[in-house]
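Taking it in order: structure first as structure tokens, then the write-up.
The values are calculated or read from the model by the stated rules, or taken from the named source; none is laboratory data. Since the structure is predicted, the reported quantities are computational estimates derived from the model, not experimental observations. Using ideal geometry, Cβ is built from the backbone for each residue, glycine included, and neighbour counts are taken over all protein chains shown.
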Amino acid sequence: MADLVIPVSLRKTSLNDTHRLHKAKMVDFGGWHMPVQYEGLVAEHTAVRERVGLFDVSHMGDIQLRGPNSLKAVQKLLMNDASKLQIGQAHYSAMLYEDGTFVDDVVLHKLGENDFLIVINAGTREKDVQWVRKVLGGMSGVHVTDVSDYYTQLAIQGPKAMATLQKLTGVDLAAIKNYWFTWGTVCGCHNTLIARTGYTGEDGFEIYVPADEPTSSRVWGEVLAAGAEFGIVPCGLGSRNTLRLEAAMALYGHEISDKINVLEAGLGRYCKLDKGTDFVGREALQKIVDAGGPTRQLVGLEMLDRGIARDGYPVLSLDGAAGLNRIGEITSGSPAPTLRKNIALAYVPAEYAAVGTEVGVEVRGAPVRAVVVPTPFYKRARTSVPVITAPLS
């Protein structure tokens, strides 16, 4: 098999041999040799929505900030308000450039009073670490450590995620609220960080175990064995992408980048301009707010005609007297297995962002009709029974 020959330049997680042994299709993802699918994208997607799936997300990065000024450092570095976090709580945030565009989006965990963990994206690892050291370089009382390679990070996601993981730990998982975490023994690994977080739109947990290959492969196997009665399947990045798209979660390099600011991306609710401390990018974003807001917006699209809106396809106006005009671009697009529709996220001028607005998407040189719909496209019920959002008429 061609994918068994790993380019020297690609990085590998501790589970690389395990993935290939079990016939995963491997691809280059942000410089990492990662599984894109095992059984198949749709089967893996459906398993997570209806049962439970297991992902290797060890390619994600981790930066730890410790010291008496660690909160001050986080408040300067990130846009959300970390002063409101309790020990054992996490929240979504982002590191920004001076113009309010994204260095990266992150999840911040408060490990202790003077101890924070920032989870960063795989493809931006080195850039992010350099940025953190640059921004905080002159600040005393904070120690920056790149701990990315210390852990294997596994994501157990789906309605049966808790039942699966509970068989492997004495920690009461039901007591962990969404975006909270704790420590405990999992599969014999002591002091494992157990977080009720994920990137699929489903309930689930992410665990951090030692990154050595024997431990990683053993834990991977034990999770699959524990979830066997629930129909667990190993999942690749292909289904992780369609799951997050249905949930309208941003992906770096697509919905967010160094060319897109926070307000355009619709993430202003996580950006605390009034938190009382300055942070990188705040001044530029405040100017945008004072000027009346962003001139373009990220919207959800549902295809009305046959055709799939793929990443990078032009978005067209349908109301111009001069005919079709390019007004935007698809950032992410795909068939949605749960919804059985073709959906997409796209940037369009603010005047085209209202729900119900019809636009065109250029698919293989021809315009295909689409309509702006509410996001997320999919939202799980509190009972963990999959719910399909109703289409707009």
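Only a single item in (1) touching an Asp or Glu at 6+ places or on another chain (Cβ under 9 Å); (2) surrounded by fewer than 22 Cβ atoms within 10 Å (Cβ to Cβ); (3) closer than 26 Å to residue 166 by Cα; (4) of a type outside the set (A, V, I, L, M, F, W, C) is not met by residue 67, and it is number (3).
Give the number of residues within the stretch 269-293 that are under 23 Å from the mean Cα position of the chain (by Cα) and either modelled with pLDDT under 95 or over 29 Å from residue 137 (Cβ atoms) (or both). So the count comes out to 1. Each residue in the stretch 128-148 was checked for being touching a strand residue (DSSP E or B) at 6+ places or on another chain (Cβ under 9 Å) and either surrounded by 14 or more Cβ atoms within 10 Å (Cβ to Cβ) or in contact (Cβ under 8 Å) with a residue 40 or more places away in the chain (or both), and 13 of them qualify.
A quick yes/no check of all residues on (1) closer than 20 Å to residue 147 by Cβ; (2) part of a helix (DSSP H, G or I); (3) out of contact with any Gly (no Cβ under 7 Å at 6 or more places or on another chain); (4) of a type in the set (Lys, Arg):
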{"position": "193", "(1), (2), (3), (4)": "yes, no, yes, no"}
{"position": "197", "(1), (2), (3), (4)": "yes, no, yes, no"}
{"position": "200", "(1), (2), (3), (4)": "no, no, yes, no"}
{"position": "206", "(1), (2), (3), (4)": "yes, no, no, no"}
{"position": "216", "(1), (2), (3), (4)": "yes, yes, yes, no"}
{"position": "220", "(1), (2), (3), (4)": "no, yes, yes, no"}
{"position": "223", "(1), (2), (3), (4)": "no, yes, yes, no"}
{"position": "229", "(1), (2), (3), (4)": "no, yes, yes, no"}
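For residues in the stretch 78-116 being free of Cβ contacts under 8 Å to residues at least 60 places away in the same chain and assigned to a strand (DSSP E or B), which is farthest from residue 30 (Cα to Cα)? Here the residue is 112.
If you check 203, 212 for being under 26 Å from residue 337 (Cα atoms) and either acidic (Asp, Glu) or in contact with a Pro (Cβ under 6 Å, 6 or more places away or on another chain) (or both), only one passes: 203. Note on the stretch 327-364: residues that are over 24 Å from residue 50 (Cβ atoms) and in a loop (DSSP other than H, G, I, E, B) amount to 6.
With respect to residue 310, is the statement that it is closer than 30 Å to residue 20 by Cα and either touching a Lys or Arg at 6+ places or on another chain (Cβ under 8 Å) or among the basic types (Lys, Arg) (or both) true? Yes: the conditions hold for residue 310.
Within the stretch 90-105, the set of residues being more than 19 Å from residue 277 (Cβ to Cβ) and not aliphatic (A, V, I, L, M) comprises 99, 101, 102, 104, 105. Of the residues in the stretch 171-179, at least one is surrounded by fewer than 19 Cβ atoms within 10 Å (Cβ to Cβ), touching a residue at least 60 places away in the same chain (Cβ under 8 Å) and assigned by TED's automatic domain parsing to the domain that holds residue 42.
When 336, 354, 322 are checked against the criterion of being under 26 Å from residue 294 (Cβ atoms) and modelled with pLDDT of 95 or more, a single residue qualifies: 354. For the stretch 307-326, the set of residues classified as over 30 Å from residue 48 (Cα atoms), outside any strand (DSSP E or B) and not charged (D, E, K, R) consists of 318, 320, 321, 322, 323, 324, listed by residue number. The residue that is nearest to residue 251 (Cα to Cα), counting only those in the stretch 187-199 that are among the polar types (S, T, N, Q) and buried (at least 18 other Cβ atoms within 10 Å of the Cβ), is 197. Residue count for the stretch 200-228 under the criterion of being under 15 Å from residue 52 (Cα atoms), of a type in the set (A, V, I, L, M) and surrounded by fewer than 19 Cβ atoms within 10 Å (Cβ to Cβ): the result is 3.
A search for C-beta distances below 8 Å between a residue of the stretch 252-277 that is not assigned by TED's automatic domain parsing to the domain that holds residue 333 and among the hydrophobic types (A, V, I, L, M, F, W, C) and any residue that is surrounded by fewer than 17 Cβ atoms within 10 Å (Cβ to Cβ) and in a loop (DSSP other than H, G, I, E, B), counting only pairs 6+ apart in sequence or on different chains, returns 263/293.
Results for (1) in contact with a Phe, Trp or Tyr (Cβ under 8 Å, 6 or more places away or on another chain); (2) β-branched (Val, Ile, Thr); (3) surrounded by fewer than 17 Cβ atoms within 10 Å (Cβ to Cβ); (4) assigned by TED's automatic domain parsing to the domain that holds residue 158, shown as yes or no for each residue.
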| residue | (1), (2), (3), (4) |
| --- | --- |
| 9 | no, no, yes, yes |
| 34 | no, no, no, yes |
| 47 | no, no, no, yes |
| 97 | no, no, yes, no |
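Quick check on my filter: what residues within the stretch 280-297 are part of a loop (DSSP other than H, G, I, E, B) and either surrounded by fewer than 18 Cβ atoms within 10 Å (Cβ to Cβ) or among the β-branched types (Val, Ile, Thr) (or both)? Talk me through it step by step, then tell me what you get.
Looking only at the stretch 280-297, we keep the residues that are part of a loop (DSSP other than H, G, I, E, B), and these are 280-281, 291-295.
Result: 280, 291, 292, 293, 295.
For residue 184, state whether it is modelled with pLDDT of 95 or more, surrounded by fewer than 21 Cβ atoms within 10 Å (Cβ to Cβ), small (Gly, Ala, Ser) and in the same structural domain as residue 49 (by TED's automatic domain parsing). Please lay out each step first, then the result.
Details: modelled with pLDDT of 95 or more: yes; surrounded by fewer than 21 Cβ atoms within 10 Å (Cβ to Cβ): yes; small (Gly, Ala, Ser): yes; in the same structural domain as residue 49 (by TED's automatic domain parsing): yes.
When the stated conditions are applied, residue 184 passes them.
For the stretch 265-294, a residue qualifies if it is out of contact with any Cys (no Cβ under 9 Å at 6 or more places or on another chain) and on the phi > 0 side of the Ramachandran plot, and the qualifying residues are 266, 276, 292, 293.
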